[in-house]
1. How much area per residue is accessible in the stretch 40-117 when the probe is 1.4 Å and only protein heavy atoms are counted (Å²)?
2. Given a Förster radius of 30 Å and the C-beta distance between THR223 and THR170 as r, what FRET efficiency does 1/(1 + (r/R0)^6) yield to the nearest 0.05?
3. Debye sum, Cα scatterers, the stretch 21-146, no solvent: what log₁₀ I/I(0) at q = 0.11, 0.13, 0.19, 0.20 1/Å?
4. Simple spin-label model, 7 Å along Cα-to-Cβ: ARG148 to ARG267 in nm?
5. Kirkwood hydrodynamic radius of the stretch 99-239 from all distinct Cα pairs, in Å?
6. In square nanometres, what is one fourth of the surface area of the convex hull spanned by the alpha carbons of the chain?
7. Roll a 1.4 angstrom probe over the protein heavy atoms and tell me the percent of accessible area of the chain that is carbon or sulfur.
8. List the residues of the stretch 203-245 whose backbone N lies under 13 Å from a point placed 7 Å from the Cα of LEU186 along the Cα-to-Cβ direction.
Amino acid sequence: MHATYRSVSDKSFPPALEPFLRHIAACNSAVLPGGRLPFFCGSEQIGWVSPTTAQTLQSLGLQKDQGFGVNAGTELLPFSQTLCDRGLYASHEEAFDVRNDSGIVLGQVDRGAIPVLGLAAEGVHLNGLVEREDGLFLWVARRSMSKRLDPGKLDHLVAGGMSAGLDPQTTVIKEAQEEAGIPTELAATARAVSRIEYALERPEGLRRDVLHCYDLLLPQRFTPIAEDGEVESFHLLPIQEVVALVRDTDAFKFNVNLVLIDLFIRRGLFAPAEAAILRNALTGRTA
């Protein structure tokens, strides 16, 4: 299963890279199974559950020989609602697709149940880029203090989970309009550039995320508008300032750092040897 633990500090790296590598290590800190038990849909393992969650599943009669699970994908959504009723999470009132390792959709769950069951989830992150005579700039959002997760942290111009029935490109266009007021015609020019996977423990549970990363070149005259109230403010920053924020602080939401490091690599902001080390860390390669 994807997004198992990957060490990025098992050998000596140039000291200048350690501030970046720490972000990658932090997002790959989950040890699987690490005391968790597998969760199945039919005969296919789709997640991992903690001992605490396992107690609830046992009380629901969902124990299997190897762990816990449901018999069919159609049971997943009502099952996730039962977990909400039992107080294991607060409902997001948003359904996400549950896929097997081949990418086939098996069913849906409430978004809030995903980390509780250790399911893989997919989302999109968009680098809103502006090329000016004085260099490359990036639009950065500050998350609203009312956000359930990571309030007040810096974020991408556009980022969001992939709701049930959507693909990455459709999600980018939808989120671009909702979060930043980017017209559909402009958002449709966003270019898919990379895919990042990781697994880490969070207060909400086990996060096993797949991020579909996009670049969007924006006109200099464009100014984003917070359409849905999830963003407190937008800021256009020179890329060098963004590099410094990633290198020296924890100002960005945890997973944003990985997408930005990928951007820095692709934009040639690291020497080739340093870029190779960071790329290997992002992808889990050891060479």
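1. 49
2. Here the calculated transfer efficiency is 0.75.
3. -0.49, -0.63, -1.09, -1.17
4. Each label point is offset 7 Å from its Cα along the Cβ direction, giving 3.2 nm.
5. Averaging 1/r across every pair of different Cα atoms and inverting gives 16.0 Å.
6. On the way: hull surface 61.5 nm².
That works out to 15.4 nm².
7. For the chain, the apolar C and S fraction of the accessible surface comes to 51 percent.
8. Backbone N within reach: 216-227.
The values are calculated or read from the model by the stated rules, or taken from the named source; none is laboratory data. Given the structure is predicted, the values throughout are model-derived calculations rather than measurements. We place every Cβ from the backbone using ideal geometry, glycine too, and count neighbours over all the protein chains shown. The protein model used for the area step is the full one, side chains on, heavy atoms only, and it has no ligands, DNA or RNA in it. Shrake-Rupley method; radii C 1.70, N 1.55, O 1.52, S 1.80 Å.
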